[in-house]
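Asker: Provided herewith is a single structure, encoded as structure tokens, for subsequent inquiry.
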Amino acid sequence: PFLLLHGSPGSRHDFAGLAPLLADRHRVLAPDLAGFGASREHVPDYGVDAQARYQLALLDRLGVERAHLVGFSFGGAVAIAVAELAPERVASV
């Protein structure tokens with residue numbers, strides 16, 4: 001699977017062109033980062049490390065053991081933080 005992480009400001013819609021191309025052959029996850037887009041407006045922490053933990057929790061809920069991370073801007077920082085927190089969960093960044 002691919003986990004697509006948008007920048008700030010932004011939303012999952014930033015991947016409207018890329019997601020369908022990947023979805024032809026892969027599972028694609030394109031969530032709104034916490035506090036962005038259609039997500040909950042108020043979360044305890046909007047920082048990069050907290051966002052990384054939120055993404056790991058999402059992967060847990062969806063039963064995804066390992067994913068390719070694609071991110072830009074703030075989402076790129078989140079992708080790197082996920083890789084630092086749980087390198088075994090990351091196929092590539």
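The values are calculated or read from the model by the stated rules, or taken from the named source; none is laboratory data. Predicted model, so just to flag it, every value in this text is computed and none were measured. Please note: Cβ atoms are built from the backbone with ideal geometry, for glycine as well, and neighbour counts cover all protein chains shown. Remember, those area values only see protein heavy atoms, side chains included, never the ligands or the DNA or RNA. Shrake-Rupley method; radii C 1.70, N 1.55, O 1.52, S 1.80 Å.
Asker: Per q in 0.13, 0.17 1/Å, what log10 I(q)/I(0) does a Debye calculation on the alpha-carbon atoms of the chain return?
Answerer: Debye curve over Cα of the chain, log10 I(q)/I(0) at q = 0.13, 0.17 Å⁻¹: -0.37, -0.65.
Asker: Which chymotrypsin sites (Phe, Trp or Tyr not before Pro) does the chain hold that lie in a coil by DSSP with at most 16 other beta carbons within 10 Å? Please report the intermediate quantities before stating the final value.
Answerer: Numbers: sites: Phe2, Phe15, Phe36, Tyr46, Tyr54, Phe72, Phe74; in loops: Phe36, Tyr46, Phe72.
Those that pass, being in a loop and sparsely packed, are Tyr46, Phe72.
Asker: Quick check for you: with a 1.4 Å probe and neighbouring chains kept, what is the accessible area per residue of the chain, in Å²? The partial results should precede the final answer.
Answerer: Details: 5180 Å² over 93 residues.
About 56 Å² of surface per residue is accessible.
Asker: Just to check I understand the Karplus step: with θ = phi - 60° and J = 6.51 cos²θ - 1.76 cosθ + 1.60, what whole-Hz values come out for the stretch 66-82, glycine and proline as x?
Answerer: 8, 9, 8, 9, 10, x, 9, 6, 4, x, x, 5, 5, 4, 5, 5, 4
Asker: A further question follows. Relative to the Cα centre, what is the charge dipole magnitude of the chain, using +1 at the beta carbon of each Lys and Arg, -1 at the beta carbon of each Asp and Glu, and rounding to the nearest 20 debye?
Answerer: Details: 8 positive and 10 negative charges, 47 e Å.
Once rounded to the nearest 20, the dipole reads 220 debye.
Asker: Report, to the nearest whole %, how much of the accessible area of the chain belongs to carbon and sulfur atoms, 1.4 Å probe, protein only.
Answerer: Numbers: 2870 of 5180 Å².
Here it works out to 55 percent.
Asker: Longest exposed-loop-site-free stretch of the chain, with trypsin sites (Lys or Arg not before Pro), DSSP loop and at most 15 other Cβ within 10 Å? Walk me through the numbers before you get to the answer.
Answerer: Details: sites that count: Arg25, Arg27, Arg40, Arg66.
The longest such stretch corresponds to 67-93.
Asker: Right, next: Per DSSP H run of at least 4 residues, take -39500 (n - 2.57); add these up for the chain, divide by its residues and hand me the 222 nm value, nearest 500 deg cm²/dmol.
Answerer: On the way: 3 runs with 32 residues, N = 93.
Roughly -10500 deg cm²/dmol at 222 nm, from the helical runs in the chain.
Asker: Follow-up question, since we're still on this one. Taking Cα pairs under 8 Å and at least six residues apart, what relative contact order does the chain come out at, in percent? If you can, show how the numbers build up before the last one.
Answerer: Values: 146 pairs, mean separation 31.9, N = 93.
Averaging sequence separation for qualifying contacts and normalising by length gives 34 percent for the chain.
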